[in-house]
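Every read-out reported here was derived from the displayed coordinates using simple, explicitly stated rules and does not represent laboratory data. All values derive from a computational prediction rather than experimental measurement. Neighbour counts run over all protein chains shown; Cβ positions are idealised from the backbone, glycine included.
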Amino acid sequence: MVVLVAAAMLMAGAAARGQNVKLPPHEKVVLPNGLTVLLLEKHSVPMVNITGIVKTGSMADPVGMEGLASTTAGLLRKGTKGRTAQQFSEVIDFIGGSFGADAGADYSSFSAEFLSKDTDKGLDLVADALLHPTFPQAEVDKLLAQSVDGVKAEKDSARDVIFDYYQAYLYGGKGYGRPTGGDEVSLKKIQRPEIVKFYETYYTPGNTILAVAGDFKTEEMKKKLEAVFGGWSGKAAPAVKTEAAGAVKGKRLLLVDKSDATQTYFAIGNVGISATDPDRTAVQVVNSVFGSRFTSMLNEALRVESGLTYGATSFFSMEKEPGPFAMFSFTRNETTEKAIDMALEVLKKLHTDGVSAEQLSSAKSYMKGQFPPSIETSGQLARVIARHEFYGLGDDEVNERDKRIDAVTRETAKRVIAKDFPLDNLVFVLIGKAADIAPSVKKFAEKQDAKEIAAPGFWGSGQ
Amino acid sequence: MKMNWKRSAQWVVLVALVVCAGMAQAQEYPVATKTLKNGMKILVQPDPSIPNVALYTFYRIGSRNERPGTTGLSHFFEHIMFNGAKKYGPGDLDKVMEANGGSNNAYTTRNVTVYQDWFPRSALELIFDIEADRIQNLSFDPKKIESERGVVASERRSSVDGENEGVLSEQLWATAFIAHPYQWPVVGWMSDIEHWTMADLKHHFEMGYSPSNATMVVVGDVTPEEVFGLAEKYLEPIPSHAPPPPVTTVEPEQEGERRLVVHKAAELPLLMIAYHVPRTDNADFYALNVLRSILFQGESSRMYQRLVDKDQIALDVESEEELAFDPTLLVLYAQPKEGVDPAKCEKEIYEELERVANAPVSDQELEKAKNFRLAEFYRQVQTISGRANTIGSYEVFFGDYRKLFDAAKNYSGVTKEDVQRAAKKYFGANNRTVATLLPENEGKGKP
């Protein structure tokens, strides 16, 4: 024990003490078939993570058939040329590994993890799912039925669905307003031929990024990947256009009735910024002051000072096109109006007072201090480099992060508050007991819409 | 999008498995230990791979140390421990910590209250100053307490009352235990949240927050010497006092099935089945975990294959067991599909439990369960934060952090016979409590 401790101390002494963490060295290779491979060695635990991005997501779902990309991803492990769904599970479970896949708006993705001693088996499983899925009819039916019930189960929890409703209402049911996982109606329209077509069109080597991180030797892993994925072929995938949406003008409010609710959940905001917005760092620094940490203005007001809620927060979801910005909280039925009033006052205060030197300095320290644990594991690192590759962001996104944060001034903050934090144009979505709260929330918007939580979907009927 | 707030809702879910299995090949992490003169134990595991530190303080006090009328007090402290002391007044703790790049959270279980700090190594001394201040000089400002009462009520409404699983689980524990304090919810009954008094609070703090009742685990870019030095400076001078009185109530053996039904507006029904099992530190712990893996872990597990995949009557099946100082519950959970009678899920679960009790599992299944546990071990220790929690959990619940490294041996020693014996011993009908939530939709009236 003593010897081990001494050795560890030497290591600590040699390590860099500055915060400013950098991405570990990694390599990018494009195979002759167009597949982009990223390799990052990390030997802290004997595991390997493979994160894949197929550069097409639910934006390619036909209108009315939302959930197609997500269903296609979910079926990758449910039957391949060499294995039934059950056999696939048996093998991945036997090595203590994991394999999961899903689709977001911009892209489809999967993540697999296994012990490094099982690398060959793990790669074989990933290749099997990615290159040779057969989409057996029975598995298609099973997954679709589960997904429909999954939507219903989620609706039993307001906090699980508030952002589905918010996004649908904010984008008017178009673009990012279409549910990536589908809804009770759209999922029922999906048939096997569309799934096969989606797979054949978009799951091609030229449309795919594989990020491999963990306990391996780069040169050896490269050879293995070439052997396993080098023979994969496919036509170039067509580009999918995402309908970009401008900010909503005016004020509108959707009240989703959940008759047994004892609290109201609410999201308020507008269309925000994209993942490559030149002001993204400044916006995040301001949002840290405003709503994304415990001592933020929003949480201070709604939780710490008034005890109205367990938490109040705000976020920007940054994607290829401008994603949503929202303030979010929940409170008792009786205090709904008061809590929303307060959230709006805090937003107004941000616009009138800006951020103080003290707030700015604290937000910067916080963002820098909390960052290293977000790139600590192989899985996190694989996701980060794959995402950067997809959005065309460089390593500077991490390596220069501290510098970019430090460069944000009160003047920059003032500018992005005026530009990227909405004030007069706002979309409100509330899930709560309409009978109790409807009269008190009328004042928030000229345009009012209503929906029953049990009604299918997150959009339409009554809007 | 899930909320990720501090003082968060972790008391609801709780550790399917905080503890894990190091297997034969599992690597050891060097840990240096020191017990301060006041009885507080410090464990340090240096790791400079990121310039950050995870500091976890485990207090051996949870809802098992409460009584009717004060249920939820342990969890309430998880809140007011952040609301001001002598040096760092109301709101200062969070402000100072965040301004120095740190963040914090805490979680409460039936057994322990755990405080978590995550920060850049430059904030190490500050964190010791903060921790010492609040253990020693916590303030009981009536105004802050009233405001925080509202926060906890909101937390309860959100995480219990607003979630079918929260509602049903609370009723299940209240029914499975008739004598032992595990019967009440960690967050507390709403009427207790509304009524506990200043005297209750002060008594609870006096009972639970002696340095001798705490274990601190520090993992990250630190050396044992600097941590021990700071502990001597800031924590050692704090006087110790009596720990919580022992919980002497023993739950009488359950001698027949108990059932309960919750009628509630809901889209889908829900089913939970609980079996009494021994405390964490007992010989059957490893066999039970292997058994749970075989039944529930992964899509090739017996329950998933049967209920979700083959018969398609459930969306999800899971099992859960908390780390516990006293005999506790192993809880099975099934989310039936729409239109499926939960009784049908219940019947199939019993059939699978009988099958595993009546015939030995295969070599392949046993091996798979062990591999699962090994991979899980690495997943838990790959972050400084996961390692702090795992080391602390072993130290507190098994009495010695080194048991973490023995888990290897203990899991590989589990035989098919052990698994079958455990299934027979614990999965009897007389030992179970069955809770069902049935959707009650408007207009249909009460049954």
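Here the protein assembly as shown is treated with +1 on each Lys and Arg Cβ and -1 on each Asp and Glu Cβ, and its dipole about the Cα centre works out to around 960 debye. Directionally averaged projected area (region B:26-180, Cα convex hull): 12.5 nm². Extension gain for the segment A:Ala138 to A:Thr276, taken as residue separation times 0.36 nm less the Cα-Cα distance, is 45.5 nm to one decimal. Beyond a 24 Å Cα-Cα separation, which of these cross-linked pairs lie in this structure: A:Lys258/A:Lys338; A:Lys443/B:Lys143; A:Lys251/B:Lys95; A:Lys55/A:Lys78? Pairs exceeding 24 Å: A:Lys443/B:Lys143; A:Lys251/B:Lys95.
With r defined as the distance between the Cβ atoms of B:Glu232 and B:Leu260 and R0 fixed at 51 Å, what FRET efficiency is calculated, to the nearest 0.05?
Working: r = 52 Å, r/R0 = 1.02.
Given R0 = 51 Å and the Cβ-Cβ separation, E is 0.45.
Please compute the Kirkwood hydrodynamic radius of chain B from all pairs of different C-alpha atoms, in Å with one decimal.
On the way: mean 1/r = 0.0434 Å⁻¹.
It works out to 23.1 Å.
Place a point 7 Å from the Cα of A:Ala247 along the Cα-to-Cβ direction; which residues of region A:391-414 have their backbone N under 17 Å from it? Counting backbone N atoms under 17 Å from the label point, the list is A:412-414.
Ordering A:Leu381, A:Met342, A:Gly369 by the projection of their Cα atoms onto the charge dipole of region A:325-391, which places +1 on the Cβ of Lys and Arg and -1 on the Cβ of Asp and Glu, puts A:Leu381 at the extreme positive end.
Whole-Hz Karplus values for region A:224-232 come out as 4, 5, 4, 5, 7, 10, x, x, 5 Hz, taken residue by residue from phi with 6.51 cos²θ - 1.76 cosθ + 1.60 and θ = phi - 60°; glycine and proline positions read x. In terms of Cα atoms, the Rg and Dmax of region B:368-447 work out to 20.1, 59 Å. Each of B:Ala359 and B:Lys95 was given a label point 7 Å from its Cα along the Cα-to-Cβ line. The distance between the two points is 6.8 nm.
The convex hull built on the alpha-carbon positions of region A:18-150 has an orientation-averaged projected area of 10.8 nm². Remark: mean inter-chain Cβ contacts per residue of B:329-339 equal 2, using a 10 Å Cβ-Cβ cutoff to other protein chain atoms. Remark: mean inter-chain Cβ contacts per residue of A:411-423 equal 0, using a 10 Å Cβ-Cβ cutoff to other protein chain atoms.
Each 10 Å bin from 0 upward holds the following percent of the Cα-Cα pairs of the protein assembly as shown: 2, 11, 20, 27, 25, 12, 2, 0.
Near the amide H of B:Ala265, within less than 5 Å, lie the amide hydrogens of B:Glu440, all on another chain or at least 5 residues away, with H placed in the peptide plane. Close amide H partners of B:Ala106, meaning residues 5 or more places away or on another chain with modelled amide H under 5 Å apart, are B:Arg7, B:Ser8, B:Gln116.
With the Cα gyration tensor of region B:235-299 giving a ≥ b ≥ c as the square roots of its eigenvalues, does the rule (a/c under 1.5 for rounded; else a/b larger than b/c for prolate; else oblate) give rounded, prolate or oblate?
Taking the square roots of the gyration eigenvalues as a ≥ b ≥ c, region B:235-299 is prolate.
Taking every alpha-carbon pair under 8 Å whose residues sit at least 6 apart, chain B reaches a relative contact order of 25 percent.
Residue by residue along A:370-376, Cβ atoms of other protein chains within 10 Å of the local Cβ number 6 on average. Region B:253-323 and region A:96-135 have Cα centres separated by 28 Å.
Using a 10 Å cut-off on Cβ atoms, rank the peptides A:80-90, A:402-412, A:157-167 from the highest mean neighbour count down.
Highest to lowest by the protection proxy: A:157-167, A:80-90, A:402-412.
One way to sum up the overall shape of chain A is the equivalent ellipsoid from its Cα gyration tensor, whose semi-axes run 39, 31, 20 Å, largest first. For region A:231-252 and region B:201-229, write down the distance between their C-alpha centroids in whole Å. Using only Cα atoms to place each centre, the spacing works out to 52 Å. Classify region A:121-228 from the C-alpha gyration tensor, please: rounded if a/c falls under 1.5, else prolate or oblate depending on whether a/b exceeds b/c. Cα axes put region A:121-228 in the prolate bin.
If R0 is 22 Å, the Cβ-Cβ spacing of B:Tyr350 and B:Asp281 corresponds to a FRET efficiency of close to 0.15.
Please compute the length gained on full extension between A:Ala435 and A:Glu219, using 0.36 nm multiplied by the number of residues separating them and subtracting their Cα-Cα distance. My answer for the length gained is 71.3 nm. Each residue, A:Leu393 and A:Thr84, gets one label point 7 Å from its Cα in the Cβ direction; the gap between the two is 4.4 nm.
Each Cα pair of region A:337-463 feeds into the Kirkwood radius, which the Stokes-Einstein equation turns, at 37 °C and 0.692 mPa s, into a diffusion coefficient of 174 µm²/s. Comparing Cα centroids, region A:165-216 and region B:91-110 end up 38 angstrom apart.
Each Lys and Arg contributes +1 and each Asp and Glu -1, all at the Cβ; summed about the Cα centre of region A:26-229, the dipole is approximately 340 debye. Among the GluC sites (Glu not before Pro) within region B:27-118, those in coil by DSSP and having at most 14 neighbouring Cβ atoms inside 10 Å are B:Glu28. Toward the positive end of the charge dipole of region A:26-229, with +1 on the Cβ of Lys and Arg and -1 on the Cβ of Asp and Glu, the farthest Cα among A:Met65, A:Gly79, A:Ala138 is that of A:Met65. Near A:His351, within a Cβ-to-Cβ distance under 13 Å, what is the net charge of the other residues, with Lys and Arg +1 and Asp and Glu -1? With Lys, Arg at +1 and Asp, Glu at -1, the neighbours total +1. When only alpha carbons of region A:245-329 are considered, Rg and Dmax amount to 14.5, 44 Å. Each of B:Lys143 and A:Glu400 was given a label point 7 Å from its Cα along the Cα-to-Cβ line. The distance between the two points is 4.8 nm. In plain terms, the residue of B:Val261, A:Val271, B:Val381 with the fewest other Cβ atoms within 10 Å comes first and the most crowded comes last, giving B:Val261, A:Val271, B:Val381. Taking a point 7 Å out from the Cα of A:Thr409 in the direction of its Cβ, the residues of region A:357-385 whose backbone N falls within less than 18 Å of it are A:357-362, A:364.
Temperature 20 °C, viscosity 1.002 mPa s: under these conditions the Stokes-Einstein estimate for region B:28-83, based on its Kirkwood radius over C-alpha pairs, is 148 µm² per second. Charging the Cβ of each Asp and Glu at -1 and of each Lys and Arg at +1, and nothing else, the dipole of region B:236-374 about its Cα centre rounds to 180 debye.
Potential lengthening of the chain between A:Ala357 and A:Ala145 amounts to 70.9 nm, from the contour at 0.36 nm per residue minus the alpha-carbon distance. Remark on region B:134-278: hydrodynamic radius 19.3 angstrom, per the Kirkwood mean of 1/r across alpha carbon pairs.
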